[in-house]
Amino acid sequence: MGLQNTLRALSDPIRREILNLLKGGRMSAGDIVDHFDVTGASISRHLSVLKEADLIRDKREGKFIFYELNASVLEEIMLWITELKGDNDDAETK
């Protein structure tokens, strides 16, 4: 179920853009919302999907919630994709 949640989370362009934003470091929910032309409620739902897939983490500080990438899950996905791809590059160039 974990991989299914991850792939579903990555299938949406807004969620992928949120992950790109978080590459630069943690951000508050309000800062993330400011980057998009959709409602705060919509971004909140996207953040929830990313959290359910364990792609991001959140931390409350006072009245603000800050989000950051969960790099370990992203590394697992990259490893899986690399393994899935295999070593066909060498075979194709020969």
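Structure above, values below:
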quantity: Within segment 17-48: backbone nitrogen closer than 18 Å to the Asn5 label point (7 Å, Cα to C-beta); calculated: 19, 44-48
quantity: Stokes-Einstein D in µm²/s, Kirkwood radius over Cα pairs - the chain at 4 °C with 1.567 mPa s viscosity; calculated: 89 µm²/s
quantity: Label-to-label distance, nm, for residues given as Ser42 and Arg26 (7 Å Cα→Cβ offset); calculated: 2.8 nm
quantity: For Asn70, residues with placed amide H under 5 Å, excluding near neighbours; calculated: Ile56, Arg57
quantity: Net charge dipole size for the chain [Lys, Arg +1 and Asp, Glu -1 on Cβ; Debye, nearest 20]; calculated: 480 debye
quantity: Selected from Gly30, Pro13, Ala41, residue furthest toward positive end of dipole (segment 1-41; charges at beta carbon); calculated: Pro13
quantity: Helix 40-52 vs. the chain, principal-axis angle (Cα, 0 to 90°, nearest 10); calculated: 50 degrees
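Bear in mind these aren't lab numbers, they're just calculated from the coordinates by the rules spelled out. All of these numbers come straight from a predicted model, not from anything done at the bench. Note that each Cβ is placed from the backbone with ideal geometry, even for glycine, and that neighbours are counted across all protein chains shown.
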